[in-house]
């Protein structure tokens, strides 16, 4: 990070940055870990930005979608979270957490998760769930933050069959 990091609510003006971050972080996570023949390497930031525009326009009212802005480059990461749609009960779920590869390991992801945990606590949601594809090195990040493996489900990355590991924090106060 070059400047002071602020976390704020995403706007439609952020969608181009969201597209760049998503493509860069996804390729950074999977190239070399998943056979390239199974990856869609034609996916572009403008395509991703268009999808984020639709997502933000149709965002459920209880969801949070926040960006990390470093004050110099602009948006360098984002988190999308809300009440869990995967499991019954009063807990939250991170639906997406992405940080530019050049900004990873600098506290951005930790800051975004802490922000989400705080926001969910204000809504009386004290537990958190996040899924991460087995091959994604971010699984280690969630483990280092104290996430406990709760369950696994089959998953697909482009044409590659794998599984998603779900990490759980029964009490998000450890993340704040």
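The numbers here are math on the coordinates, done by the rules we state, and not lab data. Quick caveat: nothing in here was measured; it's all calculated off a predicted structure. Here the Cβ is made from the backbone with ideal geometry for all residues, glycine too, and neighbour counts use every protein chain on show.
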- [ ] Select from the range 70-93 the residues that are under 19 Å from residue 17 (Cβ atoms) and in contact with a strand residue (DSSP E or B) (Cβ under 8 Å, 6 or more places away or on another chain) and list them in ascending order.
- [x] 70, 71, 75, 76, 77, 78, 79, 80, 81
TODO: Could you please find all residues in the range 154-172 being over 18 Å from the mean Cα position of the chain (by Cα), assigned to a strand (DSSP E or B) and either without any contact (Cβ under 8 Å) to a residue 60 or more places away in the chain or loosely packed, with under 12 Cβ neighbours inside 10 Å (or both)?
DONE: 154, 161
Open item on the list: When you check residue 47 against the structure, is it more than 19 Å from residue 17 (Cα to Cα) and surrounded by 12 or more Cβ atoms within 10 Å (Cβ to Cβ), yes or no?
Closed with: no
Open item on the list: Condition check: farther than 22 Å from residue 111 by Cα, part of a loop (DSSP other than H, G, I, E, B) and touching a residue at least 40 places away in the same chain (Cβ under 8 Å). Does residue 73 satisfy that?
Closed with: no
